[in-house]
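*Asks:* Dropping the structure in here first, questions after.
The values are calculated or read from the model by the stated rules, or taken from the named source; none is laboratory data. Here the structure is a predicted model, which means the values were calculated and not measured. Every residue, glycine among them, receives a Cβ derived from its backbone with ideal geometry; neighbour counts consider all protein chains shown. The protein model used for the area step is the full one, side chains on, heavy atoms only, and it has no ligands, DNA or RNA in it. Shrake-Rupley method; radii C 1.70, N 1.55, O 1.52, S 1.80 Å.
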Amino acid sequence: MTDTPVAAKFTISKVCASNGHRTVVMPGFSSYEALPMTLVTVTLHPGELFMATGSNGKVRYTADLEEAWWFAHYNGSDGVPDAIQVLSPCISDNGISTLNILSVYERAVAEAA
């Protein structure tokens, strides 16, 4: 887990689906030109990690968004909504340390045009 904020520049698109909002994370615009991709900075706070999930069920936890994207890419989840999410630590009511799952969209700040 990281001790200082970590920022990464990527492009994201928020997809509003019937079951809630989902986020597509990509390093560039080329593969998904039909989606309204936006250049953003995504910042992790101390103790947070990215969780990348492959379509084959494999998962990687990392503080590096590029590493998370490459893991998802090589494990069949390139461009899949919510293949990369943010894990944020918290303490539950019974005192057990837990991790909340947040959308990358919730941590993204659009870059100035």
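*Asks:* Just checking, does the range 60-74 include any residue being open to solvent by 60 Å² or more (accessible area, probe 1.4 Å), assigned to a strand (DSSP E or B) and over 18 Å from R107 (Cα atoms)?
*Replies:* yes
*Asks:* Ok, one more. Open to solvent by 20 Å² or more (accessible area, probe 1.4 Å), under 25 Å from A17 (Cβ atoms), assigned to a loop (DSSP other than H, G, I, E, B) and at pLDDT 90 or above - does that describe any residue in the range 76-96?
*Replies:* There is at least one residue in the range 76-96 that is open to solvent by 20 Å² or more (accessible area, probe 1.4 Å), under 25 Å from A17 (Cβ atoms), assigned to a loop (DSSP other than H, G, I, E, B) and at pLDDT 90 or above.
*Asks:* So which residues in the range 92-113 are among the small types (G, A, S) and free of Cβ contacts under 8 Å to residues at least 60 places away in the same chain? Before you say what the answer is, go through the steps one by one.
*Replies:* Kept after step one, since they are among the small types (G, A, S), are these residues of the range 92-113: 92, 95, 97, 103, 108, 110, 112-113.
Those that are among the small types (G, A, S) and free of Cβ contacts under 8 Å to residues at least 60 places away in the same chain: S92, G95, S97, A112, A113.
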